[in-house]
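Peer 1: Take a look at the following structure, please.
Read-outs throughout are calculated quantities, based only on the coordinates presented, and are distinct from any laboratory measurement. Since this is a predicted model, take the numbers as computed values, not measurements. All Cβ positions, even for glycine, are placed from backbone atoms using ideal geometry, and neighbour counts span all protein chains on display.
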Amino acid sequence: MLLIRFRRDAMVRMLRLTDAFIWEDLPTTDPVTRSMTMATWIPRIQKLATIISTTGVAYHVVQTTIRFTTNDDRTFVFGTWYPFDTTKSPTYELVHISQVNRLLSGGFKLCALQCVIGMRIRHSE
């Protein structure tokens, strides 16, 4: 946030340069070489990145669920040490719930921070 405050004019100038640029307005093939241009590749890359990240998250959720339900070794999301016995029930479940809660809240906070920075840059015009 401090960097954005000092470099605000440069960020606004950079965002204004992007207003005139739209991928859909560019040609999809090079007229000379007949090869695909970046205007063709960018939407494909975005779709592929979405598919890959969704597949990775889904695999991780399924693998973690199977590991926690079938494995007798009681492991946690984070490798942590506690000054009490965490292998006994209900302590294990409570600690596990608190770690999953922390993981999700940390992810949401990171996403929210990126959204706030983006909105702040966008509305500083």
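Peer 1: Work out the P(r) tail for region 1-71: percent of alpha carbon pairs separated by more than 13 Å, whole number.
Peer 2: Across region 1-71, Cα pairs with separations above 13 Å total 78 percent.
Peer 1: Report the chymotrypsin sites (Phe, Trp or Tyr not before Pro) located in region 27-125 that are in a DSSP loop and have at most 12 other Cβ atoms inside 10 Å of their Cβ, or state none.
Peer 2: In loop regions of region 27-125 (DSSP not H, G, I, E or B), the sparsely surrounded chymotrypsin sites (Phe, Trp or Tyr not before Pro) are F78, W81, F84.
Peer 1: May I ask you to evaluate 6.51 cos²θ - 1.76 cosθ + 1.60, the Karplus curve with θ = phi - 60°, for each residue of region 73-84 and list the ³J(HN,Hα) values in order in whole Hz, giving x for glycine and proline?
Peer 2: The phi angles translate into 6, 7, 9, 10, 5, 9, x, 10, 10, 10, x, 9 Hz.
Peer 1: Grab the DSSP H runs of the chain that are 4 residues or longer, score each as -39,500 (n - 2.57), total them, divide by all residues and round the 222 nm result to the nearest 500 deg cm²/dmol.
Peer 2: Values: 4 runs with 82 residues, N = 125.
My calculation for the chain gives -22500 deg cm²/dmol from helical runs alone.
Peer 1: Taking the chain as the reference, fit the longest principal axis to its C-alpha atoms, fit the long axis of helix 8-19 to the helix C-alpha atoms, and give the angle between the two in degrees, 0 to 90, nearest 10.
Peer 2: Helix 8-19 sits at roughly 70 degrees to that axis.
Peer 1: Could you grab the relative contact order for the chain? Cα pairs under 8 Å, six or more apart, rounded to a whole percent.
Peer 2: Taking the mean separation of contacting Cα pairs over the length of the chain, I get 30 percent.
Peer 1: Given N residues in the chain, what is its alpha carbon radius of gyration divided by 2.2 N^0.38 Å?
Peer 2: The reported ratio for this selection is 1.68.
Peer 1: Can you give me the distance in nm between label points at L110 and A10, each placed 7 Å from the Cα along the Cα-to-Cβ direction?
Peer 2: Reported label-point gap for L110 and A10 is 2.6 nm.
Peer 1: What is the distance, in nm, between label points placed 7 Å from the Cα along the Cα-to-Cβ direction at S98 and at M119?
Peer 2: If labels sit at S98 and M119, their model points lie 3.2 nm apart.
Peer 1: If I fit a long axis through the Cα atoms of helix 38-70 and take the longest principal axis of the Cα atoms of the chain, what angle between them do I get, 0 to 90°, rounded to 10?
Peer 2: 0
Peer 1: Here is a follow-up. Taking 7 Å along the Cα-to-C-beta vector as the label spot, tell me the S89-K47 distance in nanometres, rounded to one decimal.
Peer 2: Result for the modelled spin labels: 4.8 nm.
Peer 1: Something else: What translational D, rounded to a whole number of µm²/s, comes out for region 75-125 from Stokes-Einstein when the hydrodynamic radius is the Kirkwood one over Cα pairs, at 25 °C and 0.890 mPa s? Numbers along the way, then the final one.
Peer 2: Values: Rh = 13.2 Å.
The diffusion coefficient I find is 185 µm²/s.
Peer 1: DSSP loop trypsin sites (Lys or Arg not before Pro) in region 8-77 with at most 13 other Cβ atoms within 10 Å of their Cβ, which ones?
Peer 2: Values: sites: R8, R13, R16, R34, R44, K47, R67, R74; in loops: R34, R74.
Hits after loop and neighbour filter: R34.
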